[in-house]
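Below: the structure, in structure tokens.
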Amino acid sequence: MRFFNTASPLIGLLAMCASTAPTTTISASANGTVVPVPKYTTYDAELAAAIAFARAAGLNNPSTGLANSDTQCGQYKVDEGSYNVPTFASNSICQNTVSNTHMNIIANWACGLCIVFDGRACQGSIRWTGGPQGYVSHAVEGAQSYFCY
């Protein structure tokens, strides 16, 4: 099988690169939301869809405490008292911080994507989004809700 025109090596190389470039994501969460993968051509659209899904989940079914899942994603540090709270896969529920506290930092080491919001019920500006990154912490000063899957 030929991917390129032998008369033009440059065109052939470009055609080979284009044919191997990723064009879609590779996984979906249990709730059917696609996990966006950076550098894929559909990343921006899939991230926007995930954010819209999280905002709707926050308005329709907000939680006030720990998630109803046994899949721990990571943890966040509470501003008031400097203690750590585990984060879990959300199961299509927006997670508010415990006892109306505020996040200081967050780490995601296991979930496909976490989105951290400024306000409660996954509303307001987005403080951070990202996939699993080991034990790397991200500053999210003042955030009050998250959605991970």
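The values are calculated or read from the model by the stated rules, or taken from the named source; none is laboratory data. Remember, predicted model here, so these are calculated numbers, not experimental data. Here the Cβ positions follow ideal geometry from the backbone for every residue, glycine too, while neighbour counts run over all protein chains shown.
Please verify whether Asp118 is of a type in the set (Asp, Glu) and either surrounded by 21 or more Cβ atoms within 10 Å (Cβ to Cβ) or within 18 Å of Ala56 (Cα to Cα) (or both), treating the condition exactly as stated. So Asp118 fits the description; yes. Could you go through the stretch 72-86 and let me know if any residue there is within 20 Å of Phe117 (Cβ to Cβ), exposed (fewer than 13 other Cβ atoms within 10 Å of the Cβ), under 13 Å from the mean Cα position of the chain (by Cα) and modelled with pLDDT of 65 or more. Looking for residues that are within 20 Å of Phe117 (Cβ to Cβ), exposed (fewer than 13 other Cβ atoms within 10 Å of the Cβ), under 13 Å from the mean Cα position of the chain (by Cα) and modelled with pLDDT of 65 or more, one finds none in the stretch 72-86, hence no.
Applying the set (1) part of a strand (DSSP E or B); (2) within 13 Å of the chain's Cα centre (by Cα); (3) farther than 17 Å from Ala52 by Cβ to Asn104 leaves exactly one unmet item: (2). Test Gly142 against the stated conditions and say whether it is surrounded by fewer than 16 Cβ atoms within 10 Å (Cβ to Cβ) and over 19 Å from Ile51 (Cβ atoms). Criteria not met by Gly142. Annotation: of all residues in the stretch 110-125 being under 21 Å from Lys39 (Cβ atoms) and in contact with a helix residue (DSSP H, G or I) (Cβ under 7 Å, 6 or more places away or on another chain), the one that is modelled with the highest pLDDT is Ile115. Quick check on Thr129: is it touching a Gly at 6+ places or on another chain (Cβ under 7 Å), in a strand (DSSP E or B) and in contact (Cβ under 8 Å) with a residue 60 or more places away in the chain? Taking the combined requirement at face value, the residue does not satisfy it. Among the residues of the stretch 89-109, those that are surrounded by fewer than 21 Cβ atoms within 10 Å (Cβ to Cβ), under 25 Å from Pro38 (Cβ atoms) and at pLDDT below 90 comprise Asn91, Ser92.
In the set (1) under 23 Å from Ala56 (Cβ atoms); (2) surrounded by 15 or more Cβ atoms within 10 Å (Cβ to Cβ); (3) polar (S, T, N, Q), the condition left unmet by Ser125 is number (2).
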